[in-house]
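Peer 1: Handing you this structure, nothing more for now.
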Amino acid sequence: MKVLAATIASLALIASSAQAEETKAMPTSKSMLTREDVRMVAPALDKYTQDRLLGEVWKRPGLSVRDRSIVTLAALIARNQTIEMPAYFNLALDNGVKPQEISEIVTHLAFYSGWANAMSAVAVAKDVFAERKIGTDQLPPASGALLPLDEAAEAQRAERVGQQFGAVVPGVVQYTTDVLFRDLWLRADLVPRDRSLVTVSALIANGQVAQLTPHPQ
């Protein structure tokens, strides 16, 4: 619950934040705002970004900077806010999020935020990976060994979802079981705890609070 509370507090500003900081030692994307760009339009917004968002929210003890990077990427991808993505992809890598984890975050959010949003994130991450010389050898395979499944917990989840939605959207129920919880959630390059953080962050960012309870937290 402490992590969830910290996530919500962080998302309160992150989901609608301005450009947090200029990417250091990286070429600037033409579509990416710099601090000077922000100051030319809204000097106070730049001040709040530096003093409150970076100076306070990012330094709160409830989440590590790695976790805050994951929360932020999830929110940006979920809301398709591509202008800020180059800076935050770089910041995530600097904060210890691995390339294979970013790859899995993007793939995971295709199911929770839409294929188009995930593809938009791919277009941005591709350039960041190229700039940092991150090759496909550092990315997870398309198919690989899966984590073990808690059969009892999954049976309870499937029964609950089937009772709620099976009569209306049986296809969705089947895909939720076969693709999400017996495949995607078991991919080994993003641990379940981080998948939960990604999922909860995306749902909160998009206001889909009805789905929060059924998901692991």
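Peer 1: Could you identify the single residue in Ser69, Ser64 that is in the same structural domain as Phe111 (by TED's automatic domain parsing), without any contact (Cβ under 8 Å) to a residue 40 or more places away in the chain and crowded, with 21+ Cβ neighbours inside 10 Å?
Peer 2: Values: Ser64 fails: crowded, with 21+ Cβ neighbours inside 10 Å.
Unique residue meeting the criteria: Ser69.
Peer 1: Go through (1) touching a helix residue (DSSP H, G or I) at 6+ places or on another chain (Cβ under 6 Å); (2) hydroxyl-bearing (Ser, Thr, Tyr); (3) modelled with pLDDT under 95 one by one and return the number of the condition Ser201 breaks.
Peer 2: Every condition holds for Ser201 apart from (3).
Peer 1: Which helices (runs of 4 or more DSSP H) does segment 78-178 wholly contain that include 2 or more residues that are hydroxyl-bearing (Ser, Thr, Tyr) and free of Cβ contacts under 8 Å to residues at least 60 places away in the same chain? Give the derivation first.
Peer 2: Numbers: elements: 85-94, 99-113, 115-131, 151-165, 170-175.
Of the helices (runs of 4 or more DSSP H) lying wholly inside segment 78-178, none has at least 2 residues that are hydroxyl-bearing (Ser, Thr, Tyr) and free of Cβ contacts under 8 Å to residues at least 60 places away in the same chain.
Peer 1: Another question about this same structure. Can we say Ser201 is surrounded by 15 or more Cβ atoms within 10 Å (Cβ to Cβ) and out of contact with any strand residue (DSSP E or B) (no Cβ under 8 Å at 6 or more places or on another chain)?
Peer 2: Numbers: surrounded by 15 or more Cβ atoms within 10 Å (Cβ to Cβ): yes; out of contact with any strand residue (DSSP E or B) (no Cβ under 8 Å at 6 or more places or on another chain): yes.
Answer is yes for this residue.
Peer 1: Looking at segment 109-120, can you tell me whether even one residue there is of a type outside the set (Lys, Arg), over 18 Å from Trp185 (Cα atoms) and touching a Phe, Trp or Tyr at 6+ places or on another chain (Cβ under 7 Å)?
Peer 2: Keep residues of segment 109-120 that are of a type outside the set (Lys, Arg), which gives 109-120.
With the extra rule that they be over 18 Å from Trp185 (Cα atoms), the set shrinks to 116-117, 119-120.
So of that shortlist, the ones also touching a Phe, Trp or Tyr at 6+ places or on another chain (Cβ under 7 Å) come out as none.
Checking segment 109-120: not a single residue is of a type outside the set (Lys, Arg), over 18 Å from Trp185 (Cα atoms) and touching a Phe, Trp or Tyr at 6+ places or on another chain (Cβ under 7 Å).
Peer 1: Right, another one. Please find, among Asp46, Asp51, the residue that is assigned to a helix (DSSP H, G or I), surrounded by 15 or more Cβ atoms within 10 Å (Cβ to Cβ) and over 12 Å from the mean Cα position of the chain (by Cα). I'd like the intermediate steps shown before the answer.
Peer 2: Working: Asp51 fails: surrounded by 15 or more Cβ atoms within 10 Å (Cβ to Cβ).
Checking each option against the conditions leaves just Asp46.
Peer 1: Can you confirm whether segment 189-200 contains a residue that is within 15 Å of the chain's Cα centre (by Cα), of a type in the set (S, T, N, Q) and not in a helix (DSSP H, G or I)?
Peer 2: As a first pass, look at segment 189-200 and keep what is within 15 Å of the chain's Cα centre (by Cα): 189-200.
The next check asks that each one be of a type in the set (S, T, N, Q); those that pass are 196, 199.
From what's left, not in a helix (DSSP H, G or I): none.
Within segment 189-200, none of the residues are within 15 Å of the chain's Cα centre (by Cα), of a type in the set (S, T, N, Q) and not in a helix (DSSP H, G or I).
Peer 1: Moving on. One residue is enough: does segment 18-31 have a residue meeting the conditions part of a loop (DSSP other than H, G, I, E, B), of a type in the set (Lys, Arg) and modelled with pLDDT of 95 or more?
Peer 2: Filtering segment 18-31 for residues part of a loop (DSSP other than H, G, I, E, B) gives 18-31.
Among the residues that remain, those that are also of a type in the set (Lys, Arg) are: 24, 30.
Now drop any that are not modelled with pLDDT of 95 or more, which leaves none.
Within segment 18-31, not a single residue is part of a loop (DSSP other than H, G, I, E, B), of a type in the set (Lys, Arg) and modelled with pLDDT of 95 or more.
Residues checked against (1) buried (at least 17 other Cβ atoms within 10 Å of the Cβ); (2) of a type in the set (Gly, Ala, Ser); (3) modelled with pLDDT of 95 or more; (4) assigned by TED's automatic domain parsing to the domain that holds Asp67:
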{"site": "Ala158", "(1), (2), (3), (4)": "yes, yes, no, no"}
{"site": "Gly162", "(1), (2), (3), (4)": "no, yes, no, no"}
{"site": "Val172", "(1), (2), (3), (4)": "no, no, no, no"}
{"site": "Tyr175", "(1), (2), (3), (4)": "no, no, no, no"}
{"site": "Val179", "(1), (2), (3), (4)": "no, no, yes, no"}
{"site": "Asp194", "(1), (2), (3), (4)": "yes, no, yes, yes"}
{"site": "Leu197", "(1), (2), (3), (4)": "yes, no, yes, yes"}
{"site": "Gln217", "(1), (2), (3), (4)": "no, no, no, no"}
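The values are calculated or read from the model by the stated rules, or taken from the named source; none is laboratory data. If you're wondering where the values come from, they're calculated on a predicted model, not measured in any experiment. FYI the Cβ positions are ideal-geometry reconstructions off the backbone, even for glycines, and counts take in every protein chain you see.
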